[in-house]
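Encoded as structure tokens, the structure appears first; notes follow it.
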Amino acid sequence: MFIQNEKIDAAELAGMDKQHSLHPWSDLATNQSEDPLVLAEAEGIHIRDAEGNQYIDGIGGMWCVQVGYGRKDIADVMAQQARQMCYYTPFGAMTNVPAARLAAALAERAPGDLNTVSFSTSGSDAVDSAVRFAHFYFNCLGKETKKQVIVRMDSYHGSTYLTASMNGKRRDWSHFDYARELVHFLPSVNAFRRPADQSLEDFAAEKVADLEAKILELGPENVACFVAEPIQASGGIIVPPEAYLPQCLEICRKYDVLYISDEVVTAFGRLGHVFASENVFGIQPDIITCAKGLTSGYIPMGATLYSDRLIAAISGDKAVDHPYFTNGYTYSGHPVASAVALKSLEILEDEKILEQVRETGPYFLAQLEKLRDLPIVGDVRGMGLMACVECVVRKVGAEPGEEDMAVAVRVDQHAQDRGLILRPFESLCIMSPPLIVTKEDIDRIVTILRDSLIATQDDLIAEGVWSPSDAA
């Protein structure tokens, strides 16, 4: 049951929010005029707004809420740890009980020799730490010129100064400054946008060649790392061709470039495994970053995992001039967050949620595939419980135009009216429900999405801006 709060004045709260809050990704042209959706309660896979309307959370908060809302066992762990010890500094040779246990638990489940963990407070911090470590590592080895960072278009890596500079979503490039002198972008690996006469195999080979060409263009002696999400999440659930990531890892090894696997979204069950790099994609990266599902969204936390090979090369008798790793955060390894992460991991494994995802994930994609009969649907793609329906107002496969950019917002509004929250971005309807979603829940999600897509088609036809033949 939902917790029954005292009566809430949604309009009053919306007014407070508009007057005093600056939200991430706010449109400053409209944020003072548009009323926010004021959320008040959540349980299982559902959220409820301050007016009592209930929605299926089709995006897991933001890829986060793996084990579902309202878990009393997690709340009890939070309270118990806060009573026992709410916080102490993580700096220097000092730790706390749950942080030490969590580091060991993550190392045990990580691929290969990724046995050293640094904690942070978010995915942005985790990726920032990974790139800073790459620079630190090569500086310690006397390779001070290895600074350049290679990423891909359609990527998302965070919102610090450095990680925001690494984002390859053009719509996110705003009036901020970016570290363009450090970051270099490869073409997108979105196979949906490849030329009609190009095979998937040739496309994959071309994308791998893009990485090697960029390293050679910059000079291997100048490139520190390649940073890649196994599946590009907020860029549109872009699943790379099967051979792409292993071959990229080979290229990195060839040129002494560190491979950083950004698993902020894909870790902790989203693809049916604690980590996806090796189990799903067959790679053992040098560094893995994670966050979001680490605590199932109950409290902020991130982590970065480093290969023993890297740590050994700059530690002990190989540590020149006693280098200090001066990177970390006030709340690194926070005891309450660490306790929650341990509990969330226990739930994922003990309740066999990982196995459940490996069963419901294919079902989710199969049901979504049935939406291809709608003229407005250009592509359906995903893996596990990550999925995207890409709408097209112009021709299927064409580069999206301005007509496409706002279509997902229309779909999302229709879906909200029917009780489903999506993540709209340009022409993309992105979904990542809590991992406890059932096949019956999935059927309901897909039914609402179908009705919302049809309603959007009808709107566009009524406005005279589109007809089904335009997407033929």
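The values are calculated or read from the model by the stated rules, or taken from the named source; none is laboratory data. All of these numbers come straight from a predicted model, not from anything done at the bench. Virtual Cβ from ideal backbone geometry, glycine too; neighbours counted across all protein chains shown.
The table for this structure:
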quantity	calculated
Residues within region 57-80 that are closer than 12 Å to Ile436 by Cα and not in a loop (DSSP other than H, G, I, E, B), tallied	3
Looking only at region 99-146, and only at residues there that are part of a loop (DSSP other than H, G, I, E, B) and of a type in the set (Val, Ile, Thr), the one that is surrounded by the fewest Cβ atoms within 10 Å (Cβ to Cβ)	Thr145
Qualifying residue in region 357-373 (condition: free of Cβ contacts under 8 Å to residues at least 12 places away in the same chain and in the same structural domain as Gln81 (by TED's automatic domain parsing))	no
Conditions (1) in a loop (DSSP other than H, G, I, E, B); (2) under 28 Å from the mean Cα position of the chain (by Cα); number of the one not met by Gly92	(2)
Test set (1) at negative phi; (2) not assigned by TED's automatic domain parsing to the domain that holds Cys290 - Gly52 fails condition number	(1)
Output for region 164-215, where each listed residue is within 17 Å of Ala243 (Cβ to Cβ) and of a type in the set (A, V, I, L, M)	Leu186, Val189, Ala191, Leu200, Ala204, Ala205, Val208, Ala209, Leu211
Some residue of region 417-432 being of a type in the set (S, T, N, Q), modelled with pLDDT under 95 and assigned to a helix (DSSP H, G or I)	no
Any pair with Cβ under 6 angstrom, 6 or more apart, that starts in region 160-182 at a residue that is free of Cβ contacts under 8 Å to residues at least 60 places away in the same chain and closer than 22 Å to Leu218 by Cβ and ends at one that is part of a helix (DSSP H, G or I) and polar (S, T, N, Q)	Thr163/Ser124; Tyr178/Ser165; Ala179/Ser165
Given (1) under 26 Å from the mean Cα position of the chain (by Cα); (2) among the hydrophobic types (A, V, I, L, M, F, W, C); (3) modelled with pLDDT under 95, index of the condition Ile45 fails	(3)
Residue within region 195-210 that is closer than 30 Å to Val320 by Cα and modelled with pLDDT of 95 or more present	no
The lone exception for Phe268 - which of (1) closer than 25 Å to Arg71 by Cα; (2) touching a Phe, Trp or Tyr at 6+ places or on another chain (Cβ under 6 Å) it fails	(2)
Any hit, region 301-312, residues being in contact with a helix residue (DSSP H, G or I) (Cβ under 8 Å, 6 or more places away or on another chain) and modelled with pLDDT under 95	no
Flag for Ser155 being in the same structural domain as Val257 (by TED's automatic domain parsing), within 19 Å of the chain's Cα centre (by Cα), surrounded by 21 or more Cβ atoms within 10 Å (Cβ to Cβ) and under 25 Å from Ile314 (Cβ atoms)	no
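One line per residue, one yes/no per condition, for (1) β-branched (Val, Ile, Thr); (2) in contact with a Gly (Cβ under 7 Å, 6 or more places away or on another chain):
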{"residue": "Gln198", "(1), (2)": "no, no"}
{"residue": "Lys207", "(1), (2)": "no, no"}
{"residue": "Asp210", "(1), (2)": "no, no"}
{"residue": "Leu216", "(1), (2)": "no, no"}
{"residue": "Val227", "(1), (2)": "yes, no"}
{"residue": "Gln232", "(1), (2)": "no, no"}
{"residue": "Gly236", "(1), (2)": "no, no"}
{"residue": "Pro240", "(1), (2)": "no, no"}
{"residue": "Pro246", "(1), (2)": "no, yes"}
